[in-house]
Amino acid sequence: MRTIGLARATTKEIARAAHCSEAALYKHFAGKEEIFVHVLRERLPRLNPLLDELNAGPSTGGVEQNLTEIAQHAARFYERSFPIVASLYAEPKLLHRHDEAMRKLGAGPAKPVEALAGYLRAEREAGRIHADADPDAAASLLLGACNQRAILLSIGSGAGAPQPLEEFAANLVRTLLAGIAQH
């Protein structure tokens, strides 16, 4: 999936890479989309578990620290997953089928945004971000910037070396918090 993308990877090729038969693959997974979800959960940097932890209860870190950690994980996650999913956008029918399958599996690109927005709502209720801040917009801004970074890194866009991840995440969060944090 990482080398030729999800759209072009067949279950036969996936089985060959996993050193098993295609029939054995189907004993464990309903199809390629389910394999993809497992790859995201088990092989890529953990984003959803981190968001789940933050939504489970009071966090030990401050808002800036938590969002910086999320930005770092999200940037790594999108950087590693972009080569897998990019090929889907070239085939609208496949993209639609993939989206439908992901929703049935309770997964998809909206899930991290929803989870981060939930965390930001809790921080807003606790009075740590502005009462009029829009958690959905803030979550979309942070994760969208991380995704955009992954796209630019994948095509080698920009002059010189990319900004180090830690610096990118810290600057992104400071800029976001300038608009939503309580002062």
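Worth a mention:
- ALA131 on the phi < 0 side of the Ramachandran plot and outside any helix (DSSP H, G or I): yes
- For ARG121, the conditions (1) in a helix (DSSP H, G or I); (2) in contact (Cβ under 8 Å) with a residue 24 or more places away in the chain all hold with the exception of (2).
- The residues of the stretch 59-80 that are over 14 Å from LEU116 (Cα atoms) and part of a loop (DSSP other than H, G, I, E, B), listed by number, are THR60, GLY61, GLY62.
- Total residues in the stretch 63-90, condition within 14 Å of the chain's Cα centre (by Cα), more than 19 Å from PHE168 (Cα to Cα) and of a type in the set (A, V, I, L, M, F, W, C): 3
- Residue ID - surrounded by the fewest Cβ atoms within 10 Å (Cβ to Cβ), chosen from residues in the stretch 110-136 that are aliphatic (A, V, I, L, M) and under 16 Å from the mean Cα position of the chain (by Cα): ALA110
Conditions (1) modelled with pLDDT of 70 or more; (2) within 14 Å of the chain's Cα centre (by Cα); (3) of a type in the set (Asp, Glu); (4) more than 30 Å from ARG128 (Cβ to Cβ), marked per residue:
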residue: ALA17; (1), (2), (3), (4): yes, no, no, yes
residue: HIS28; (1), (2), (3), (4): yes, no, no, yes
residue: GLY31; (1), (2), (3), (4): yes, no, no, yes
residue: GLU34; (1), (2), (3), (4): yes, no, yes, yes
residue: ARG43; (1), (2), (3), (4): no, yes, no, yes
residue: ARG46; (1), (2), (3), (4): no, yes, no, no
residue: PRO49; (1), (2), (3), (4): yes, yes, no, no
residue: LEU54; (1), (2), (3), (4): yes, no, no, no
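- Positions within the stretch 54-90 being more than 22 Å from GLY144 (Cβ to Cβ) and exposed (fewer than 14 other Cβ atoms within 10 Å of the Cβ), in sequence order: ALA56, GLY57, PRO58, THR60, GLY61, GLY62
- Residue, surrounded by the fewest Cβ atoms within 10 Å (Cβ to Cβ), within the stretch 92-109, restricted to residues that are assigned to a loop (DSSP other than H, G, I, E, B) and touching a residue at least 40 places away in the same chain (Cβ under 8 Å): LEU105
The values are calculated or read from the model by the stated rules, or taken from the named source; none is laboratory data. The structure presented is a predicted model; accordingly, all values stated were derived computationally and were not measured. Note: ideal-geometry Cβ built from the backbone for every residue, glycine included; neighbour counts use all protein chains shown.
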